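Each value in this text was obtained by applying a stated rule to the coordinates, not by laboratory testing. Note that the structure is predicted; figures quoted are calculated from it, not measured.
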Amino acid sequence: MLDGSIERSAQVPDCPSCAQPVESRHRYCPWCAAPLRSKLVEFFAPHPLIDGRARALRVSRYLGGDPSQRHTRLSIWDADRAVSAISLDPDETRRLSRFLTEGEGGGRTDDATTETMPAAAGP
Ligand SMILES: [Zn+2]
């Protein structure tokens, strides 16, 4: 139900197990039944004391299939649909992970994470 049209995956040209052609909509190879992608999904609740319209942040990690197709998809959910989404490649996913845990346990461990894109001008 929550897998809406924005969650369409990219093409998986061949099964990594039997090398038969498969379609991107298949989660399992129709020829040999091998899993074509591995997907982890977690929902995160918004801060209860800070106003916002979003109901949840959904993070989907696509770990299987062709290495070039691996990514993390972040989507903002309002009621029962995603209102916006972005996909991060594995390098950006790791950078986000470091950023989110930075400062926990007493301070920075990686100065490189301070080099980010310029912030957009605020309202
Ligand atoms: Zn197969």
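With θ taken as phi - 60° and the Karplus curve 6.51 cos²θ - 1.76 cosθ + 1.60 applied, the whole-hertz 3J(HN,Hα) list for the stretch 37-53 is 8, 10, 10, 10, 10, 9, 9, 10, 7, x, 4, x, 9, 10, 5, x, 7 Hz, x standing for glycine and proline. Considered as an equivalent ellipsoid built on the Cα gyration tensor, the stretch 9-101 has semi-axes of 31, 15, 10 Å, the largest given first.
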